[in-house]
Amino acid sequence: MKISDIKTDCRFFKGHIPCKPSKNYGVHCTEKNGSDCKYYEPAKEKILIIKLGAIGDVIRTTPLLSAIRNKYPNGKIFWLTYTPSVVPANVDEVLKFNPEGITFLEQVEFDQVYNLDKDKEACALTTRLKSKNKKGYILKNGVPFPADPAAEPKYFTGLFDDVNKENTKNYPEEIFEICGFEFKGEKYILSNFEEYSDSWNLDKSKKIIGLNTGCGGRWTTRLWADENWINLAKSLITSGYEVIFLGGELENSKNKKFAQATGSKYFGHFNLDKFINLVDQCDLVVTGVTMAMHITLGLNKKIVLFNNIFNPKEFELYGLGKIIQPEKECKCFFRGTCINPEYKCMDYIKTEKVLETIGKLLT
């Protein structure tokens, strides 16, 4: 083989390690008879998605891959993120947002760059990159700014609460429009990390309900009272369900307490991949607007979603569940902490309503 035989334009070619066809089938770019490798796919376009984090945002951006792959079947897709493990396997190059990843991207000439983050660092990088076309957000006068008119509506909803409240489009619709596509119900793409499936001691003869009790440290307005989680778990167990408490390190202490008080199960908090697999054991998950919500949808599980401070039109549940909102108005729209001195709206999501909704979704 000569160096001139190497197909650096192939979608699968890595340059520093064997490509998948070579590793799996022992092929070379040019076979001994002079013909090209039968797996050779010249990349006609180079396409970059920039979606750094949070993890839930990365997961809910994955429907876009279906539209991109449909339009550019021979394109080579790159994705820049903080959390590579949740990026689907049909992405050709997954890069971390670090000096190594940025240095590499600055040397590639792209046909399309889709930056869906309004973080300053993402916008600054998008502005610097070489690309025939840029969609989403760039940096202008030192601040994030739409790259073209398609990104303006989503830009305005992030700047003005009144505009956000009037929005009638869900998140997938918004990002598809930003990138020049029409949303047609494309679903999330998420691995269930099956290698962890034997880790759980669960009674699979019962329907399994996951109760995700956290909301992150930033958004305490979304917290449901401890006694409500305890009452819900007890009622579910009485009704014949297997109940698991879910959460991260912030919820570890209270989830232990909840499990002890109710006879439910709590296995602890885990790395992201293992947590995703734990959610995959559930038939239904009760959660606020958190990473667990997007994991639940990505795994095609039923969901009861608590929402109080966001526009409910934002959420595409794909027919998998119901949104429950407080019976009394929330006066803390898009606020991390409650500013209403009269009452906390989350106290007006009633356990009985949640229990009734679960029953309807699982019948």
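The values are calculated or read from the model by the stated rules, or taken from the named source; none is laboratory data. Because the structure is predicted, anything quoted here is derived from the model rather than measured. Virtual Cβ from ideal backbone geometry, glycine too; neighbours counted across all protein chains shown.
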For this session: Answer yes or no as to whether GLY263 is closer than 25 Å to VAL86 by Cβ, in the same structural domain as LYS207 (by TED's automatic domain parsing) and surrounded by fewer than 19 Cβ atoms within 10 Å (Cβ to Cβ).
Result: no
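Which members of segment 246-269 meet the condition of being hydroxyl-bearing (Ser, Thr, Tyr) and part of a helix (DSSP H, G or I)?
So the first thing to find is which residues in segment 246-269 are hydroxyl-bearing (Ser, Thr, Tyr), and the list is 253, 262, 264, 266.
Matches in segment 246-269: SER253, THR262.
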Exercise. Among all residue pairs at least 6 apart or on different chains, which show Cβ distances below 7 Å where the first residue, located in segment 54-83, is part of a helix (DSSP H, G or I) and the second is surrounded by fewer than 20 Cβ atoms within 10 Å (Cβ to Cβ) and acidic (Asp, Glu)?
Worked result: SER66/GLU186; ALA67/GLU186
Seminar exercise, completed: From the option list CYS332, CYS338, CYS282, single residue qualifying as buried (at least 23 other Cβ atoms within 10 Å of the Cβ), in contact (Cβ under 8 Å) with a residue 40 or more places away in the chain and of a type in the set (A, V, I, L, M, F, W, C) is CYS282
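Looking only at segment 211-245, how many residues end up being among the aromatic types (Phe, Trp, Tyr), over 18 Å from TYR348 (Cα atoms) and assigned to a loop (DSSP other than H, G, I, E, B)?
1
Which of the residues that make up segment 62-86 are among the aliphatic types (A, V, I, L, M) and out of contact with any helix residue (DSSP H, G or I) (no Cβ under 7 Å at 6 or more places or on another chain)? So that I can check it myself, show each step before the final result.
In the first step, residues of segment 62-86 are kept if they are among the aliphatic types (A, V, I, L, M); the result is 64-65, 67-68, 77, 80, 86.
Once the filter is applied, which keeps residues that are among the aliphatic types (A, V, I, L, M) and out of contact with any helix residue (DSSP H, G or I) (no Cβ under 7 Å at 6 or more places or on another chain), segment 62-86 yields LEU65, ILE68.
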For this session: Output the residue which, of all residues in segment 126-149 that are over 22 Å from the mean Cα position of the chain (by Cα) and part of a helix (DSSP H, G or I), is surrounded by the most Cβ atoms within 10 Å (Cβ to Cβ).
Result: THR127
Exercise. Would you pick out the residues in segment 94-119 that are assigned to a strand (DSSP E or B) and over 20 Å from ALA147 (Cα atoms)?
Worked result: VAL94, LEU95, LYS96
Exercise. Is at least one residue of segment 4-19 at pLDDT below 95, over 20 Å from GLY101 (Cα atoms), part of a loop (DSSP other than H, G, I, E, B) and of a type outside the set (Gly, Ala, Ser)?
Worked result: yes
Exercise. Within segment 211-218, is there a residue that is under 30 Å from ILE49 (Cα atoms), out of contact with any Leu (no Cβ under 8 Å at 6 or more places or on another chain) and in contact (Cβ under 8 Å) with a residue 12 or more places away in the chain?
Worked result: yes
